[in-house]
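Novice: This structure is in structure tokens; I'll ask about it shortly.
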Amino acid sequence: MNFLLSTMHVLPTFDLRELFDFNEHMDFILLQQNHFKMILPEIFLATSVLAITLHSSFLATSRHFGFPLLMQSFIKLCFLVLILTFVLVQKNSIVFMLTYQNTFIFDVLTLNAKQIILASTFLCLAISENSLLKQQINNFEYLILILCAVLGLMFLVSSYDMISLYLAIEMQSLCLYVLAASKKNSSFSTEAGLKYFILGSFSSALLLFGISILYGCTGTTNFDNLYLFFSELELETFALTEITEKALFCVSAAFFFKIAAAPFHMWVPDVYEGSPTSSTIFFAVIPKIALFSVFLRFFQTIFSVFEETFLIGLMVVSIFSVLVGSFAALKQKKIKEVIGLQFYQSCWLFVACIFIKFFGRDSSSFFLFTYLHDNKSLPLVSHYFIKHFYE
């Protein structure tokens, strides 16, 4: 015992304050809280989708409840989820933040885009509620797919890296493919979903190809790092300038396909005509909001270095899309094909990207919101005619 007591005095003593810095630990906790707070709307929406899926799967297959039809009640539940998600987005006090190794960004553009996406989704569900019930689309998975698409679009407008951008686009695209083919008793809907899937996969492959070339030339996929890399580089003497421009062209072409800008527009009339009316109204408006927001961010970062090349190309695509949409719509006899061709007019939203160079980001966001607000009348009028004369 005496020997043990004597050895205890020899053992070194440690000060816990030297081994563990509580101030740094508290800073780390606060940092993680801010990260969690920034993606809290997405976490809530994902949790709600999971809870609705489990609850609806139990009810729809329950003999005790008589295998109920859940469509009408679940539309109201989706309204509640969208409203609560909108409140979480609006109450976020973070003004600007880059998080998760600069993978996601939260700023004014992200905030405005998320609010417009949620409000537009709420409006689209409200005007297509009767259409869903009349077409007897009684699958609760339909509403879950819409919420999953909104979740992907919210991640898309927050993306600040090519990898997260691609994954978010694929998340919302897979939901849109199924929404196009959701009317099981219609061969036209199945054909629309198949065409949308095949051509959408091609555009996704083109996007991934451009991202791969861009990463091979620069060694990074982050928007900020790409902007710093190109802004501090003399493009005239850079050996890979031509290859880099081709990679950015592939990325732009993939986005033009997703937005349905001419000449990447041939899939639109068939897909819009064959899809259910509610699906047509949804993916004719909502995904364009997120994609144009991403284009605005591109022109803030990467494309700003190559503005002389891409501004001219953007104006050409915009004018060509408007001309094709205007004159081709005159020959159409089906109302939903007219909707698809008329939404080529949304390519005037590319002008919002050009406004960044002259008037700044705030004016571009205002132009985006104003144009989309004005064009909400087209789905409303089209839905009225389809409801009373075509279905």
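Just so you know, all these numbers are worked out from the coordinates, no wet-lab data involved. These figures come from a predicted structure and were not determined experimentally. Neighbour counts run over all protein chains shown; Cβ positions are idealised from the backbone, glycine included.
Novice: Given region 227-304, what whole percent of its Cα pairs are spread farther than 18 Å? Numbers along the way, then the final one.
Specialist: Values: 1627 of 3003 pairs.
More than 18 Å apart: 54 percent of the Cα pairs in region 227-304.
Novice: I've got another one for you. In what sequence, highest mean first, do 287-296, 306-315 appear when ranked by Cβ atoms within 10 angstrom?
Specialist: On the way: 287-296: 23.8, 306-315: 15.1.
Ranked from most to least packed, the peptides come out as 287-296, 306-315.
Novice: Next up: Using the Karplus equation 6.51 cos²θ - 1.76 cosθ + 1.60 (θ = phi - 60°), what ³J(HN,Hα) coupling, rounded to whole Hz, does each residue of region 250-259 give in order, writing x for Gly and Pro?
Specialist: So the Karplus estimates, Gly and Pro as x, are 4, 5, 5, 5, 4, 5, 4, 5, 4, 7 Hz.
Novice: Still on this model: Within 10 Å, count the other beta carbons around each residue, average over each peptide in 144-151, 95-102, and list them highest first. Please list the in-between numbers first.
Specialist: On the way: 144-151: 23.5, 95-102: 13.1.
Ranking the peptides 144-151, 95-102 by packing returns 144-151, 95-102.
Novice: Are there trypsin sites (Lys or Arg not before Pro) in region 133-227 that DSSP marks as loop and that have at most 14 other Cβ atoms within 10 Å, and which are they? Display every interim value, and only then the final one.
Specialist: Numbers: sites: K134, K183, K184, K195; in loops: K183, K184.
Those that pass, being in a loop and sparsely packed, are K184.
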